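Okay, so here's the structure we're looking at.
The values are calculated or read from the model by the stated rules, or taken from the named source; none is laboratory data. Remember, predicted model here, so these are calculated numbers, not experimental data. The protein model used for the area step is the full one, side chains on, heavy atoms only, and it has no ligands, DNA or RNA in it. Shrake-Rupley method; radii C 1.70, N 1.55, O 1.52, S 1.80 Å.
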Amino acid sequence: MIGPGASYVETMLGIFLAGGTAVPLSPLHPPAELGHIIATAAPERLWASADHAFRLRGLPSPAPPLWITASTATGPAATSATQPATPQDSDPALMLFTSGTTGKPKGVTMSHGALASTLTALEQAWGWRRDDRLLHVLPLHHTHGVVVALFGALWAGAATRFAPFDGPRIWELFAGSTVFMAVPTIYAKLMEAFRAVAAEEQAAWRTSARAMRLATSGSAAL
C-alpha cells in the first residue's frame, strides 16, 4: 500500500527482481476488506508508505511483518547483496483482486509472460512513444491503473505524472501531457467542470487539451 509516485514503482519492480509476486492494496478499502485480501493472498510481508502505514497496523493478527518505505528506498532491502532474480514467463508477477460485486473479492494472478504479452499489445494499440507523458489519475490497485496505464508507460519508456483527480486541475495539467486514461465518470466530471467556468477559462482549457495525443476510456461503456 504505497501512494502514487516513484516509491510505488521502485517497490513494485523490487518485488519482481526479488522473484516475488506483488499484491497492490487500496487505501480506500475498509479494514475488513483489506483483512480478507491479505488473508487470501497470504503475503510474506506488507509494504506501506509512511502516510498509509496506519491502515495496515490495525489489521487483525496474525499479520505479516510491516515494512515502511520512504520516498527513497532505505533499510535492509536496499542494502541486500542478493542478485536480482530473472523471472520466467510462467512465474507469477501480480495478484489483483476483483471488485467483489458478486461475492468477496477474489485474487487473480497474472504471470510475467501474460504481463509482457499484454503490454506489447497495448504498445501497438495505443502507439506508445518514449516522448509520451502520461497524466495518471487512476487507482493503483486494479488492472486499469496498474497495467494499462502505469506499466504501459513504463514498458514504452514514457514518463508518468501522478495527480489526484480534480476537474479544473486536470484541465490545466493537460498542457504538459500527451496521454490520458480514465473511466467514464471522470470524463463526466471533467465536462461538468468545463461547463462551470467562464468562456475565457474554457478557451484556455481547450488550448491545454490540444497537446493531448491520446485519451482513452475504459472499465465501462462511455
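Among the protein heavy atoms, those of residue 189 account for about 100 Å² of accessible surface (1.4 Å probe, every chain in place). The 1.4 Å probe gives accessible areas that order 8, 187, largest first, as 187, 8. Per residue, the average separation of C-alpha pairs within less than 8 Å and at least 6 apart gives the chain a relative contact order of 16 percent.
Taken per residue, the accessible surface of the chain reaches 54 Å², heavy atoms only and a 1.4 Å probe.
For the residues 188, 198, 50, a GNM of the chain with alpha-carbon springs under 10 Å puts the largest fluctuation on 198. When the Gaussian network model of the chain links Cα atoms closer than 10 Å, the mean-square fluctuations of 49, 111, 99 top out at 99. Taking the 1.4 Å solvent-accessible surface of the chain as the whole, the part contributed by carbon and sulfur is 58%. Only helices enter this figure: runs of n ≥ 4 DSSP H residues, each worth -39500 (n - 2.57), summed and divided by the residues of the chain, yield -10500 deg cm²/dmol at 222 nm to the nearest 500. Within the chain, antiparallel bridges make up roughly 25 percent of the DSSP beta bridges whose residues both belong there.
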